[in-house]
């Protein structure tokens, strides 16, 4: 359940960036180019951010499904393992960056990696706890 709500919160923050405009894109680390494109009224930042929000919402739905709170979604073990892996790998990317490209590690890279790593750990705990039930329903 915690993993679901974290994914839904991340999805909502992405929607907030669309509604909040360039200042929100800047604050949440989307990059100056994205913020400037939003200032110019280009659609690409909105479309990309909507796509990310949709994926995160789907991940939240898969977590709810894995917890048995909504209808079983297709391929739950595969999808939940993949979601967990993506979160963990995104969070752990910080390690090679710190070791080999420390100049790329700014406050956003540090905090976003730590937050996403926490998401991955929450999903890993949930997946581990739900695994026997998921496999039994397969």
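The values are calculated or read from the model by the stated rules, or taken from the named source; none is laboratory data. In this text the structure is predicted, and so the values were computed from the model without any measurement. Every residue, glycine among them, receives a Cβ derived from its backbone with ideal geometry; neighbour counts consider all protein chains shown.
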Out of (1) at pLDDT 95 or above; (2) crowded, with 18+ Cβ neighbours inside 10 Å; (3) more than 12 Å from the chain's Cα centre (by Cα), the odd one out for residue 130 is which?
-> (1)
Just wondering, is there one or more residues in the range 10-24 that are within 30 Å of residue 129 (Cβ to Cβ) and outside any helix (DSSP H, G or I)?
-> no
Hey, any hits in the range 31-48 for a residue that's within 14 Å of the chain's Cα centre (by Cα) and farther than 30 Å from residue 135 by Cα?
-> yes
What number of residues within the range 80-104 are surrounded by 13 or more Cβ atoms within 10 Å (Cβ to Cβ) and under 24 Å from residue 123 (Cα atoms)?
-> 15
